1. Taking A131 as meeting all but one of (1) touching a residue at least 12 places away in the same chain (Cβ under 8 Å); (2) open to solvent by 40 Å² or more (accessible area, probe 1.4 Å), write down the number of the exception.
2. Given the criteria open to solvent by 10 Å² or more (accessible area, probe 1.4 Å), farther than 22 Å from G21 by Cα and of a type in the set (K, R), does R125 qualify?
3. Being outside any loop (DSSP other than H, G, I, E, B), open to solvent by 10 Å² or more (accessible area, probe 1.4 Å) and either under 23 Å from S163 (Cβ atoms) or touching a helix residue (DSSP H, G or I) at 6+ places or on another chain (Cβ under 9 Å) (or both): is that true of D314 here?
4. Can A334 be described as in contact with a helix residue (DSSP H, G or I) (Cβ under 6 Å, 6 or more places away or on another chain), more than 30 Å from V8 (Cβ to Cβ), open to solvent by less than 30 Å² (accessible area, probe 1.4 Å) and touching a residue at least 24 places away in the same chain (Cβ under 8 Å)?
5. Looking only at the range 15-32, how many residues end up being assigned to a helix (DSSP H, G or I), of a type outside the set (A, V, I, L, M, F, W, C) and in contact (Cβ under 8 Å) with a residue 24 or more places away in the chain?
6. Pairs needed: first member in the range 261-273, free of Cβ contacts under 8 Å to residues at least 24 places away in the same chain and closer than 20 Å to G301 by Cβ; second member anywhere, open to solvent by less than 30 Å² (accessible area, probe 1.4 Å) and part of a strand (DSSP E or B); C-beta distance under 7 Å; at least 6 residues apart or different chains.
7. Suppose the filter is part of a helix (DSSP H, G or I) and open to solvent by 60 Å² or more (accessible area, probe 1.4 Å); does R187 pass it?
8. Taking the options V304, V243, name whichever one is in contact (Cβ under 8 Å) with a residue 40 or more places away in the chain, open to solvent by less than 10 Å² (accessible area, probe 1.4 Å) and closer than 24 Å to Y132 by Cβ.
Amino acid sequence: MQPGDLRVALFSGNYNYVRDGANQALNKLVGHLLSRGVTVRVYSPTTNTPAFPPVGDLVSVPGLPVPGGREEYKFAIGLPRKTRKDLEGFAPNIVHLSAPEFLCHGALKWARRNDVAAFASFHTRLETYPAYYHLGFLEKPLTRLFARFYNRTEQVVVPAPSSEELLRQWGVTAPIDIWSRGVDHQRFHPRQRSLDWRRSLGIGDDEVAIGFLGRLVLEKGLDIFADVVTRLSERGVKHRVMVIGEGPARDWFADRVPQAVFTGFQSGDALGRAVASMDVFFNPSVTETFGNVTAEAMAAGVPVVAARATGAVDLVSDGVTGFLVPPRDVDAYADAIARLAQNDELRRRAGLAGHAAAEQYEWEPVNETVLQNYLSLIARRGG
């Protein structure tokens, strides 16, 4: 089978209505598949105010707002009849499932019933989310549910080896391969650093800017970030905090880090400038499976302090490109950041090492890996 023979139905809970690392990767993938002659149809809930234009043919699936203060996200209840009829008309030979949520469960059931290849990609540590909303008791049952979901597919791709190890610990026995991530090396580069832009925010040339980059939601570790900043102040470590991003927890976070500079949402080359203008990137999140923002900061020549968790452990070389810290150890985070904040030469060396290490992450070859996995799956099925 050739790429032009593939008909891929891609299912996503959020393809483009709220911007995040997972849907950025999916849109990049669809662009690559289309360039290789693959026919792709995407199924996802949509809104009238998408965060960005979708890549490819997007079919809107009816969805309901997620309760609990997260109404910006939507979820579909299974595979609606209208969507199922569209899927049947499209007649895919691969169904690609991007998350173990209701829509993808419905699509998986349809694929198995119709003997269509079921392929899954693992993007986010969804099982960790409930703990941030006082529902930590849900983690174990969710993990069992997710393991069952992936075991009912015929191929899984994950962003990094630590994610494969995690799924194996869950009991996933399906074949697993690595679908890494890429970086726009023109956008995320040390030359994008701008002291003028920093000055416009009130950050002095001699001040060490500790940066947060991402959507402002609790599951990104905002509580730990705020506690660490407080600890640095208590210790008398001079620093400034630069927060890049927006989200529903912005006001909560601003109350916890009142001296921080909030740049708001940044995109395109402005985002590259903002990232390169940090001095230290601090990422305490444990929900990542790769950590696009970590790779982007490294590419921009910024040393990283991150949680020793999936994603970061595959990217950050501890003591070389930054530091890895036990996920909720506030004092250890403060120690690592203080070392970088108080040592210009250490920051410089770590930034250079991170920039060099990030050069391996290129979108075209990593997305070609997914296409080759599709073809291998079809071949195993005798197609």
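1. (1)
2. Criteria not met by R125.
3. When the stated conditions are applied, D314 passes them.
4. So A334 fits the description; yes.
5. Adding up the residues that qualify gives 6.
6. Filtered contacts from the range 261-273: Q266/I244.
7. no
8. Of V304, V243, the one residue that is in contact (Cβ under 8 Å) with a residue 40 or more places away in the chain, open to solvent by less than 10 Å² (accessible area, probe 1.4 Å) and closer than 24 Å to Y132 by Cβ is V304.
The values are calculated or read from the model by the stated rules, or taken from the named source; none is laboratory data. Everything numeric here is computed off the predicted structure, so don't read it as measured data. Here the Cβ is made from the backbone with ideal geometry for all residues, glycine too, and neighbour counts use every protein chain on show. The area values use the complete protein model at the heavy-atom level, side chains included, leaving out ligands, DNA and RNA. Shrake-Rupley method; radii C 1.70, N 1.55, O 1.52, S 1.80 Å.
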